[in-house]
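Since the structure comes first, as structure tokens, the remarks are kept for the end.
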Amino acid sequence: MAATPAVRVEDLSVRFGQFQALQDVSLEAPQGSFVAIVGPNGAGKSTLLRVLLGLVQPEEGGFQLFGGPLAALPPEQVGYVPQVKNFDRSFPALALELVVSGIRRAWPFWVTSPERQIAREALEQVGASRLENRSLGQLSGGELQRVYLARALVHKPKLLLLDEPATGVDAVGEADLYRHLEAYQQRSGATILMITHDWEAAHHHATHVLLLNHRVIGFGPPLQVLCPECLSRAFGHVGHAHLGVRIP
């Protein structure tokens, strides 16, 4: 008998007023898979993650996580790194405190010794131990991404949802980010769903690609989905030079 999928989405549709964000989206992501979600701007990629987080209610259809509803899964089993970091960079807070906020799911006005140890271990996992006592306003875009990733990993989630995790990260930092993600997945067996505009990163790091433009254009192995025909259907063009894409 096949293992229960980590994520099963069935005939999912989401509408915001007159705007159809998602329509009849279905997919099954196996446990332990690394799914890259690719599509043009406004294609519904972030909306899909927000549905899986319970932040957006579908108009039709539904989803299951590990064979059950979201409410049946302990909240700490789902880690999330948003694309937009909504906080005031002048706020006098340390990187370690941001990580601890992932433990408490609230801002810590003090940090206990056990929390400090858990946060330090999470920062170490993403190669960011040196940032522990740096203020958030001093962090580069790539450093901030690492701290947010550490925050998402504090509970060792079974499912990790990432919205453009390489935004603001240079090429060296991006390679390092993917190395840490893959190392975490190997240690934990976690399932990762990652939104990305980088087709090449999807090709090299994902086990599955979801090509999305409100509807599912393709879902499956990268070599199958990231083909010129599918990309043309999703984007209307293939291989813009500024994307640095090499179609396999």
Over the chain, with the other protein chains present, what is the accessible area per residue in square angstrom, probe 1.4 angstrom?
47
What is the calculated FRET efficiency for His204 to Phe109, with r their C-beta to C-beta distance and R₀ = 45 Å, to the nearest 0.05?
0.60
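Mind checking which helices in the chain clear 20 Å along their axis (Cα) and have mean Kyte-Doolittle hydropathy of -1.0 or more, DSSP H runs only? Provide the component values of the computation, followed by the final result.
Numbers: long enough: 171-188 (26 Å, -0.91).
Length and hydropathy pass: 171-188.
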Mind checking the full-extension length gain between Phe16 and Gln224? Use 0.36 nm per residue of separation minus the Cα-Cα distance, one decimal, nm.
71.7 nm
Which translational diffusion coefficient, to the nearest whole µm²/s, is obtained for the chain from the Stokes-Einstein equation, given a Kirkwood hydrodynamic radius over C-alpha pairs, 25 °C and 0.890 mPa s?
131
Qualifying chymotrypsin sites (Phe, Trp or Tyr not before Pro) in segment 26-114, DSSP loop, other Cβ atoms within 10 Å at most 14:
Phe87, Phe109, Trp110
Label-point separation (nm) for Asp24 and Asn133, each offset 7 Å from Cα along Cα-to-Cβ?
5.9
In the chain, what percent of the accessible surface is made up of carbon and sulfur (1.4 Å probe, ligands and nucleic acids excluded)?
52
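The values are calculated or read from the model by the stated rules, or taken from the named source; none is laboratory data. Note that the coordinates shown come from a computational prediction; the quantities given were computed from them, not determined experimentally. Every residue, glycine among them, receives a Cβ derived from its backbone with ideal geometry; neighbour counts consider all protein chains shown. To get the accessible areas, we keep the full protein, side chains included, count just its heavy atoms, and leave off ligands, DNA and RNA. Shrake-Rupley method; radii C 1.70, N 1.55, O 1.52, S 1.80 Å.
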